[in-house]
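Notes follow the structure.
The values are calculated or read from the model by the stated rules, or taken from the named source; none is laboratory data. Just so it is clear, the structure is predicted and the values come from calculations on it, not from any experiment. Because the Cβ atoms are built from the backbone with ideal geometry, glycine has one as well, and the counts that use them run over all protein chains shown.
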């Protein structure tokens, strides 16, 4: 084989070795790994520098024509000092509490998750957020969905399952 053919095969093999399965994602050069439902399309991502994030749109048939959208984001930030973690979480929680119509949901909620309702424009949204410290990285996951009358219970159950999947897969092991 010619050297160029060998190089092409080596690159193809290396690419295949690092390929991710559908629904598997990573940030910070693979240090942060998580899974999401494969049917959720990535709508934005920044996987270099700091911060990094991946944003998904979860299509709810009830969204059609409403101008609203269900979004899920995973973001990482490098902390120079991991003792700043709680202060940054507190800052994010305070920011959430300043949103119009903020109402915390406490029934049946895991203590590590902030669940609340707030208005985004004229529409009420449900938010679900959690933060983890993984090494010197702050990892923040946020699920946000509009509360639309036409949203089905089946869709809601699948959405809840997908959010839980992301949050559980992000937990440091």
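Of all residues in the range 87-97 being touching a strand residue (DSSP E or B) at 6+ places or on another chain (Cβ under 9 Å) and without any contact (Cβ under 8 Å) to a residue 40 or more places away in the chain, which is surrounded by the fewest Cβ atoms within 10 Å (Cβ to Cβ)? Even if it seems obvious, please write down each step before you answer.
Here is the first cut: in the range 87-97, the residues touching a strand residue (DSSP E or B) at 6+ places or on another chain (Cβ under 9 Å) are 88-89, 92-93, 96-97.
If we keep only those that are without any contact (Cβ under 8 Å) to a residue 40 or more places away in the chain too, we end up with 93, 96-97.
Working: 93: 14, 96: 16, 97: 12.
In this case the residue turns out to be 97.
Regarding residue 133, is this residue assigned to a loop (DSSP other than H, G, I, E, B) and out of contact with any strand residue (DSSP E or B) (no Cβ under 6 Å at 6 or more places or on another chain)? If you could, list the steps in order and put the result at the bottom.
Numbers: assigned to a loop (DSSP other than H, G, I, E, B): no; out of contact with any strand residue (DSSP E or B) (no Cβ under 6 Å at 6 or more places or on another chain): yes.
Against the criterion (assigned to a loop (DSSP other than H, G, I, E, B) and out of contact with any strand residue (DSSP E or B) (no Cβ under 6 Å at 6 or more places or on another chain)), residue 133 does not qualify.
When only residues in the range 97-123 that are in contact with a helix residue (DSSP H, G or I) (Cβ under 9 Å, 6 or more places away or on another chain), at pLDDT below 95 and assigned to a loop (DSSP other than H, G, I, E, B) count, which is nearest to residue 141 (Cα to Cα)?
112
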